[in-house]
Amino acid sequence: MKAAQKKRKAHHDRVFPTVNAIFLILLMFITLYPVLNTVAYSFNDGTDALRGNIGLWPRVFSLESYKSILSDKAVYQAAWISASKTVLITLLNLFWTSMLAYCLSRKEYVLRKFITVLMVLTMYVNAGMIPNYLLISRTLKLSNNYLVYIIPTMFSCFNMIVIRTYISNLPEALVESAKIDGAGDIRVFWQIIFPLCKPVLATVALFVAVGSWNSWFDTYLYCGGKKELYSLQYLLKMKLATTQASANAAKTTAEALQTLGQTTPITIRCAITVIATVPILIVYPFLQKYFVTGIALGSVKE
């Protein structure tokens, strides 16, 4: 009897890892297929791509879509704008948000609950896009100004709550022992709390960086009249619209079809997706080890 039970257990121990591995491989393929298919379309000849049915590899290899995008010098200026604002927004957002989160995590601060409630209310009650536009463009006069990317995004209430919750879960004895040794709040924050917050800060940094890098609507609203301030995503969106207009003209005009060449909206769209995604894919592996830890510890309990 015991021998039979051991045999069944050994069989179960072999079957479960095998089934689990097969399931995860299938899940990985399902997840990766749209990405690889997009890459394949981006490297495919535009005219041939209209036939469809492209799998994981280009049917007619071509770099024309990338040449069409990267041949425009404005793309490099727009890439610099997107990269610089992403870095600045991420650093400033982490700085201000984490400092306020530390202040509101201190139990001796009598107004912490009142201020927290007021900030949380802003997440539920929003004046809307028009008052926001009037505030930034008319009152603050930030239209067609690089600071319009930075100033409105230097703080996030949601990120503050996540960081504050994480700080609240740290041992209070660390702060108490530091204050006994004569450390002030600023020194406690920078030398003790801040280094211990790397997981949640990396998680928040990823949220902020991805949001900033992918944003284009702020350019549309506030910097549409100044090409030097176009973000990469906004410029690529305009490039896609231009290609679509050329494709529509090509349906009725032979000359427009020759002008369109070997690029079509579908290949341009896929190339734009690849170009806009690569920087985030490069950054993500460096933050991945902190991501799960930061989410788990920064959002479970207060």
Odd one out for Phe29, checked against (1) within 30 Å of Val200 (Cβ to Cβ); (2) at pLDDT 85 or above: (1)
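Residues that are out of contact with any Ser or Thr (no Cβ under 8 Å at 6 or more places or on another chain) and modelled with pLDDT under 85: find the helices (runs of 4 or more DSSP H) completely inside the range 215-302 holding 1 or more of those.
232-250, 254-260, 265-298
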Extreme residue, nearest to the chain's Cα centre (by Cα), among residues of the range 181-195 that are modelled with pLDDT under 85 and surrounded by fewer than 13 Cβ atoms within 10 Å (Cβ to Cβ): Gly184
Within the range 50-69, restricting attention to residues that are touching a residue at least 40 places away in the same chain (Cβ under 8 Å) and within 20 Å of Leu236 (Cα to Cα), which residue is surrounded by the most Cβ atoms within 10 Å (Cβ to Cβ)? Ser65
Does Trp96 satisfy the criteria of being hydrophobic (A, V, I, L, M, F, W, C), assigned to a loop (DSSP other than H, G, I, E, B) and either within 27 Å of Ile186 (Cα to Cα) or over 26 Å from the mean Cα position of the chain (by Cα) (or both)? no
Of Tyr166, Tyr149, Tyr133, which residue is modelled with pLDDT of 90 or more, in a helix (DSSP H, G or I) and of a type outside the set (Val, Ile, Thr)? Tyr149
Would you point out which residue out of Asn44, Asn37 is touching a helix residue (DSSP H, G or I) at 6+ places or on another chain (Cβ under 7 Å) and not basic (Lys, Arg)? Asn44
With the first residue restricted to the range 104-125 and required to be surrounded by 10 or more Cβ atoms within 10 Å (Cβ to Cβ), and the second required to be small (Gly, Ala, Ser) and part of a helix (DSSP H, G or I), Cβ contacts under 7 Å at 6 or more apart or on different chains are Ser105/Ser168
Can you name the condition, by its number, that Asn159 falls short on among (1) outside any helix (DSSP H, G or I); (2) in contact with a helix residue (DSSP H, G or I) (Cβ under 9 Å, 6 or more places away or on another chain)? (1)
Among (1) over 27 Å from the mean Cα position of the chain (by Cα); (2) not in a helix (DSSP H, G or I), the one test that Asn20 misses: (2)
Tally up the residues in the range 12-52 that are closer than 15 Å to Glu64 by Cβ and of a type outside the set (A, V, I, L, M, F, W, C), please. 7
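The values are calculated or read from the model by the stated rules, or taken from the named source; none is laboratory data. Since the structure is predicted, the reported quantities are computational estimates derived from the model, not experimental observations. Heads up, the Cβs are rebuilt from the backbone with ideal geometry, glycines too, and the neighbour counts pull from every protein chain shown.
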